[in-house]
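Reading through the structure tokens given below for one structure.
The values are calculated or read from the model by the stated rules, or taken from the named source; none is laboratory data. Model, not experiment: these values are computed from the prediction. Please note: Cβ atoms are built from the backbone with ideal geometry, for glycine as well, and neighbour counts cover all protein chains shown.
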There are 2 protein chains.
Amino acid sequence: MFSKACEYGIRAAIYIGQQSAGGRRVGLKDIAAEIDSPEAFTAKILQQLVRAQLLTSVKGPTGGFELTPEQLRTVTLRQLVVAIDGGAMLQGCALGLPQCSAQQPCPMHYQFLPIRDQLNELLRTHTIGELASKVQEGLGFLKQFS
Amino acid sequence: MFSKACEYGIRAAIYIGQQSAGGRRVGLKDIAAEIDSPEAFTAKILQQLVRAQLLTSVKGPTGGFELTPEQLRTVTLRQLVVAIDGGAMLQGCALGLPQCSAQQPCPMHYQFLPIRDQLNELLRTHTIGELASKVQEGLGFLKQFS
DNA sequence: AAATTAAAGGATAAAATTGTCCGGTATTTA
DNA sequence: TAAATACCGGACAATTTTATCCTTTAATTT
């Protein structure tokens, strides 16, 4: 569905959001451990998200990553996905036609459309803050506990 | 959504199906031209599908690829996708958790579930023959015409 | 049987994705 | 202001995906 980079990025953002909601800034090492992702690779993805202003970073001691209250409230899953994977997967044709539309639809066009619309809606309507709360309440997990 | 290989594979299968429905066997060159795909790469994918018995090939002059009437009627989009991309995308967690389930759901688990179910249902209920008919009737396209 | 045709299969190459390493920069604390 | 901390950025490496080429194999036609 999403790239590895995107999966890590989303999980990381939610974890950072969870901690930010509790007033805690978190470092890369902590993040990678808590979402079970490769540290250096995660760093690259977080850099992208900081540049896209979807999350905030602070250098130096006591530094780390955080989401501002506004970011917690307004940044959506969709923004993360677009920042990392680009919009192609949220718009492109399921069979790979460069221009698939009502003018020249692929044979699955009208069947896929509602599903993709639902996916878009799903991503658009869920904020990081909301998902972070779910994790905080123990209703969602960001890695496998055994 | 799907890999390039899968996109080519599906488009190729539908084109072969369309021609098979008209009693015509088709060669690789023809297929690649009609679905606008790289010839040698398409050959590899078709080999996979032949091995998986989702379509049939005949060597030598007048040879080529075809779908038997039974294959036309019974082979589903889902079988193609599984043969080429594997089942991961149709089952795996959206956030990449190795074991995402009701026991330990990711924060999007219950939101994604219905969408993935719909996707599975969509793939399961559409046969190559059905899609080939749509193309035959001019209601669907396998490449961009300008 | 020989020549021709077309898929099968193996080796290889290019590109994209995933992942690592390390020196540079900014910030805080002592 | 020196030292320590932690993100930034660039280069590099491994893996996977995409793509090509060429020889072999099987089948048809002459």
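For this structure, a couple of remarks:
- Residue A:18 vs. criteria among the polar types (S, T, N, Q), part of a helix (DSSP H, G or I) and crowded, with 22+ Cβ neighbours inside 10 Å: yes
- Taking first residues from region B:133-146 that are farther than 19 Å from residue B:30 by Cα and partners that are in a loop (DSSP other than H, G, I, E, B), the Cβ contacts under 6 Å between residues at least 6 apart in sequence or on separate chains come to B:134/A:107; B:134/B:140.
- Single residue of A:37, A:57, A:20, A:3 found to be hydroxyl-bearing (Ser, Thr, Tyr) and touching a Ser or Thr at 6+ places or on another chain (Cβ under 9 Å): A:20
- Single residue of A:113, A:122 found to be at pLDDT 95 or above, surrounded by fewer than 19 Cβ atoms within 10 Å (Cβ to Cβ), within 8 Å of chain B (Cβ to nearest Cβ) and assigned to a helix (DSSP H, G or I): A:122
Residues checked against (1) surrounded by fewer than 20 Cβ atoms within 10 Å (Cβ to Cβ); (2) modelled with pLDDT of 95 or more:
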| position | (1), (2) |
| --- | --- |
| A:82 | yes, yes |
| A:85 | yes, yes |
| A:97 | no, yes |
| A:104 | yes, yes |
| A:117 | yes, yes |
| A:128 | no, yes |
| A:140 | no, yes |
| A:146 | yes, no |
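- Taking the listed residues A:66, A:70, A:7, the one that is acidic (Asp, Glu) and touching a Lys or Arg at 6+ places or on another chain (Cβ under 6 Å) is A:66, with no other qualifying.
- Residue satisfying all of: in region A:61-92; under 16 Å from residue A:30 (Cβ atoms) and of a type in the set (Gly, Ala, Ser); nearest to the other protein chains (Cβ to nearest Cβ) among these: A:64
Residue-by-condition table, conditions (1) touching a Leu at 6+ places or on another chain (Cβ under 8 Å); (2) over 30 Å from residue A:142 (Cα atoms):
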site: B:5; (1), (2): no, yes
site: B:9; (1), (2): yes, yes
site: B:30; (1), (2): no, yes
site: B:42; (1), (2): yes, yes
site: B:84; (1), (2): yes, no
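- Residue-level analysis places residue A:24 outside the set of residues that are buried (at least 21 other Cβ atoms within 10 Å of the Cβ), of a type in the set (Lys, Arg) and either facing chain B (nearest Cβ under 9 Å) or not in a helix (DSSP H, G or I) (or both).
- Only residues that are assigned to a helix (DSSP H, G or I) and either within 10 Å of DNA strand C (Cβ to nearest atom) or among the polar types (S, T, N, Q) (or both) were counted in region A:29-40, giving 3.
- Qualifying positions in region B:51-72 - hydroxyl-bearing (Ser, Thr, Tyr) and within 14 Å of DNA strand D (Cβ to nearest atom): B:56, B:57, B:62
- Residue B:54 more than 24 Å from residue A:102 (Cβ to Cβ), within 9 Å of chain A (Cβ to nearest Cβ) and either assigned to a loop (DSSP other than H, G, I, E, B) or out of contact with any helix residue (DSSP H, G or I) (no Cβ under 9 Å at 6 or more places or on another chain) (or both): no
Residue by residue, here is whether (1) more than 14 Å from residue A:95 (Cβ to Cβ); (2) surrounded by fewer than 19 Cβ atoms within 10 Å (Cβ to Cβ); (3) aliphatic (A, V, I, L, M) holds:
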site: B:7; (1), (2), (3): no, no, no
site: B:47; (1), (2), (3): yes, yes, no
site: B:62; (1), (2), (3): yes, yes, no
site: B:79; (1), (2), (3): yes, no, no
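- Qualifying position, being within 16 Å of DNA strand D (Cβ to nearest atom) and part of a helix (DSSP H, G or I), among A:79, A:48: A:48
- Residue list for region B:37-74, restricted to those being in contact (Cβ under 8 Å) with a residue 12 or more places away in the chain and hydroxyl-bearing (Ser, Thr, Tyr): B:37, B:42, B:56, B:62, B:68, B:74
- Residue selection: residue A:53 fails the criterion of being surrounded by 14 or more Cβ atoms within 10 Å (Cβ to Cβ), out of contact with any Lys or Arg (no Cβ under 8 Å at 6 or more places or on another chain) and farther than 16 Å from residue B:95 by Cβ.
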